[in-house]
Structure formats: structure tokens, C-alpha cells
Amino acid sequence: MEIRKVQISGGSSYIVSLPKTWIKQTKIQKNDPVGLIVQRDGTLLVTPNIKGEKIQKVREFEVTASTDQTFLLRCLIGAYIAGYDTIRIWAHARLPPFVLGLVRAFTSNAVGQEVVEETETAIVIKDLLNPSEMPFDNTLRRMSVIVKGMHEDAVTALKTGDRALAEDVISRDTDVDRLHWLIARQNNLIVGDINLSRKMNISVSMAEEYFLIGRIVERIADHGTRIAYNALALIGKTENAELCTAIEEASNCALCIFNNSMDAFSRGDLRKANDTIQMGRKLEELCKEISTRALKYESQVAISIVHISDSIRRIGDYSADICEVTINHLIMEEEPAP
């Protein structure tokens, strides 16, 4: 941190000199205007970007026939989440055949990414989404609706022996992943561009809260998928009505905790967040009962039942995490008493 003294000019103007290295980096000339933005914490942001224009970020990846496909896909996802506007994949000779399929898989799962240029040696992917058109709360709300449906349908598939429904639940996990990536990307964009924060009318700290909760909801979706996988393993191997009833009761309890946690966050309800955490005790007992019932079955069946019980319990645990994030944020934002 550089410490500079405030000086008075003309008897009424307060002046602070700007660091010379910063002036050179931003290429500011004499008489050029700069923008001053007062932050909520009392700090002052000085920016040369007075028009609020977004700086275009480009990331390139060179590929060959021996390039690891999984690694390249992870790099593309990483570049997307990091907030790059343009991604260019290129090769010295012709692009390997696998690149086209991999790019299609990436663009179908990353919101707003489209191929805008393609030659034999290069593919250019550009972000066509305006971040302000996808508010955080809408995206998170959609994630929660999908996750709730996944969990309900996974339990229904177990009760009815519906394999197609269980497989459909598993496929929906991709929808949650792509929305989670979108929230992560927008959070990174806001952290790097205070003007975007103003356009979306959301603080950097609040964007971080959405990212944290989005990550938790994505993990809850993973457990909905896990329940569906185990339901497939159990179909035709157990038709115990009492067991299905016990699983359904625990499932309803877990979903109630999840719904309450999301409602507490969206409403900013400190008391409800705290009360929701207390609901986990009942869920814990219900899941223990399911695990005890599993002891009556052969080992392979019992393992799947215990996995379902554990996933239902983890949904409750993750929902409690949402409440804790909510409480922490509300306390941080709360104005201290005079």
C-alpha cells in the first residue's frame, strides 16, 4: 500500500497525487478524465474507464493430435468461468477431428457460448450473453426448482420402479451444472469489473454469496443424482412398502429443510435461517431409521439403501450450510447499533 498525504489547493480543493506506475500502465495523459466511485465500505475507486466499457479478454489454447481431450474440456470450462469473452482453439496444421465434437459439447453446456469463426486450423468461441440479462436470483431460483424436481423424481422412481424416470433425473444434473458455471462466471466478472456490479445493481459481496450458495445447490443436485443411481440398483430387488415409506418421509423432511433454507436466503430472514438449521435433528433420526432397516437385506441391497439414506441426510446438511451462509451475510450487512 502506498501512503500519500492529502493536500489543499486554492483553499477548498483536496488533492491526492496518483501513482506514476499506475498512470503509465493505464496510459493516462495530461487532462484525461478519470472516474471516481465511492464504495460502500468508504473506499474510493479510481478508474480510467469512465464509459463503463467492458474490457475484452481473450484466451487461446493450442491443440495437437495428442492433446488430452478431458484436460482441454476442463480448460475451456475454466476459461468460461474465469470470464474470458473470446476463446480461440488453434493448431499449426489442421485441427484434430475430436476438437469439433468437444467444442459442441462445451457450447451446449456453457450458457451464452457460440462458435463465431471456424477454419481448418482454428475455432473461435465468443460469449454472446449480456450478464445483466441473467440476474443471479433468477438463475439460483431455477437451479433450486430443478434440484427439487430431481430429488422428488428420484424417490418416485424408487417407489414405482420407473427406470426411465431415474435415468431422466441423472441427465438433469447437467442442467444444474451449466447454471452453476454461469453464476461462477458472473461472480468473477463482477469481481473484475466494478461497472458491471453497478449495472446489475448487486454488490461484490452479494455476488460472492450467490456463488457460494450456487455451489452448495449444485452439490445437492449431485446427491439427487446419487439417489437416482441407487434407485436403479434397487429396482426389482426390494419391494418393501415400509422401507419406501420411510425413505419418502425422510425425503420430504430434507426437501422441507432445503425449501426453507432457500426462502430464508431470498427473503433475508435471519430468524428463519436459524430455525431451519434446527430441523436437521429430525432428519438425522429418520435417516438412522432407514440405515437400521437396511440391515435386514443382503449386502449389495443394503449398501444402496444406506447410500440413499446418506444422500438424503447430506441434502439436509447442505441446506443447513445455506442457512449459515445467509446468517453470516446478514450479520455482515447489518448496521451496528449506535
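Normalised Debye scattering of the range 242-338 at q = 0.10, 0.15, 0.25 Å⁻¹ gives log10 I(q)/I(0) of -0.33, -0.60, -1.13, counting only Cα atoms as equal scatterers and leaving out solvent. Within the listed set Val58, Val99, Val34, the Gaussian network model of the chain (springs between alpha-carbon atoms below 10 Å) gives the highest mean-square fluctuation for Val34.
Provide the gained length on full extension for the span Asp222 to Thr86, in nm with one decimal, where the gain is 0.36 nm per separating residue minus the Cα-Cα distance. The partial results should precede the final answer.
Working: separation 136, 0.36 × 136 = 48.96 nm, distance 2.99 nm.
Extra length from Asp222 to Thr86 when fully extended: 46.0 nm.
Shape descriptor for the range 7-47: Rg over Rh equals 1.01 (Cα atoms; Rh from the Kirkwood inverse mean 1/r).
For the range 113-237, the alpha carbon positions stretch 57, 44, 17 Å along the principal axes, listed from largest to smallest. Loop exposure criterion: GluC sites (Glu not before Pro), DSSP state outside H, G, I, E and B, at most 14 other Cβ atoms within 10 Å. Applied to the chain, the longest stretch between such sites is 121-238.
In the range 142-246, what trypsin sites (Lys or Arg not before Pro) fall in a loop by DSSP, with at most 14 other Cβ atoms inside 10 Å? Display every interim value, and only then the final one.
Working: sites: Arg142, Lys148, Lys159, Arg163, Arg172, Arg178, Arg185, Arg198, Lys199, Arg215, Arg219, Arg226, Lys237; in loops: Lys237.
Sparse-neighbourhood loop trypsin sites (Lys or Arg not before Pro): Lys237.
Where the eigenvalues come from the Cα gyration tensor of the range 1-144, what are the semi-axes √(5λ) of the equivalent ellipsoid, largest first, in whole Å? Each step should come with its number before you reach the end.
Values: eigenvalues 368, 86, 34 Å².
Taking √(5λ) for each eigenvalue gives 43, 21, 13 Å, largest first.
With N counted as the residues of the range 132-333, its alpha-carbon radius of gyration over 2.2 N^0.38 Å works out to 1.10. Taking the longest Cα principal axis of the chain as reference, the axis of helix 299-333 is set at about 30 degrees. Cross-link partners for Lys148 among the lysines, with Cα-Cα distance under 28 Å and sequence neighbours closer than 8 places in the same chain left out: Lys159, Lys237, Lys272, Lys282, Lys288.
Efficiency by 1/(1 + (r/R0)^6): what FRET value for Asn201 and Lys288, r their Cβ-Cβ distance, R0 = 51 Å, to the nearest 0.05?
Values: r = 45 Å, r/R0 = 0.89.
Efficiency, rounded to the nearest 0.05: 0.65.
For the chain, the longest principal axis of the C-alpha atoms and the axis of helix 163-192 are separated by about 20°. The spread of Cα positions in the chain, taken along each principal axis and listed from longest to shortest, comes to 86, 69, 30 Å. When the chain is treated as a GNM with alpha-carbon contacts under 10 Å, the residue of Thr21, Thr156, Thr121 showing the greatest mean-square fluctuation is Thr21. Here Lys27 is the anchor, and the lysines within straight C-alpha reach of less than 26 Å, apart from those fewer than 8 places off in the same chain, are Lys5, Lys51, Lys54, Lys57, Lys199. Stretched out straight at 0.36 nm per residue, the stretch from Asp162 to Glu298 would grow longer than its current Cα-Cα span by 46.7 nm. For Lys126, a cut-off of 18 angstrom between C-alpha atoms picks up these aspartates and glutamates, skipping any fewer than 8 places away in its own chain: Glu53, Glu60, Glu62, Asp85, Glu114, Glu117, Glu118.
Only the coordinates and a few stated rules stand behind these numbers; no lab work does. These numbers come from a predicted model, not from an experiment. Cβ: placed from backbone, ideal geometry, glycine included. Neighbour counts: every protein chain shown.
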